[in-house]
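The next block holds one structure in the form of structure tokens; read it before the comments.
The values are calculated or read from the model by the stated rules, or taken from the named source; none is laboratory data. The shown structure was predicted, so the numbers you read here are calculated from the model rather than taken from an experiment. Neighbour counts run over all protein chains shown; Cβ positions are idealised from the backbone, glycine included. The area values use the complete protein model at the heavy-atom level, side chains included, leaving out ligands, DNA and RNA. Shrake-Rupley method; radii C 1.70, N 1.55, O 1.52, S 1.80 Å.
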Amino acid sequence: VAAATARAAVAAAAARSETAAALCAAPPPLLPERHERYVPAGPVEFADDAEYPDLTLPSRCARVAGVALACGFALVHLEICPATWFVWSFLGVHAAGATVLADVANEAVLLVLGGT
């Protein structure tokens, strides 16, 4: 029995080595060629003037958010209103604004809503 098991193990090892040799002898796969990086011909042109990015918008939004944050801290620190009331009113104003003003495209209204 032990001799048969040893012969089977030797035969399996030989089969594995033949398979490995066959795989190593195979040619490498054909890979797609690399193309040059795409470079646009000129500046990007949008169909509508409103699509061009406003470069001053991030700084204005940061100022509005900073002022709103400072006002919120002042309200809570001076104990004009409790913090829980401030948080719930903040969430309520944003929920109402998102519902009522969903179709507003005016930037000033959206900044005011973000500031409140």
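Under a point-charge model restricted to the Cβ atoms of Lys and Arg (+1) and Asp and Glu (-1), what is the dipole moment magnitude of region 38-113 relative to its Cα centre, in debye to the nearest 20?
Here region 38-113 has a charge dipole of around 440 debye.
First compute the accessible area of region 35-110 with a 1.4 Å probe, then give the percent of it belonging to carbon and sulfur atoms.
The computed percentage sits at 68.
In region 36-116, which GluC sites (Glu not before Pro) are in a loop and have at most 11 other Cβ atoms within 10 Å, using DSSP for the loop call?
Loop-located and lightly packed - Glu36, Glu45, Glu79.
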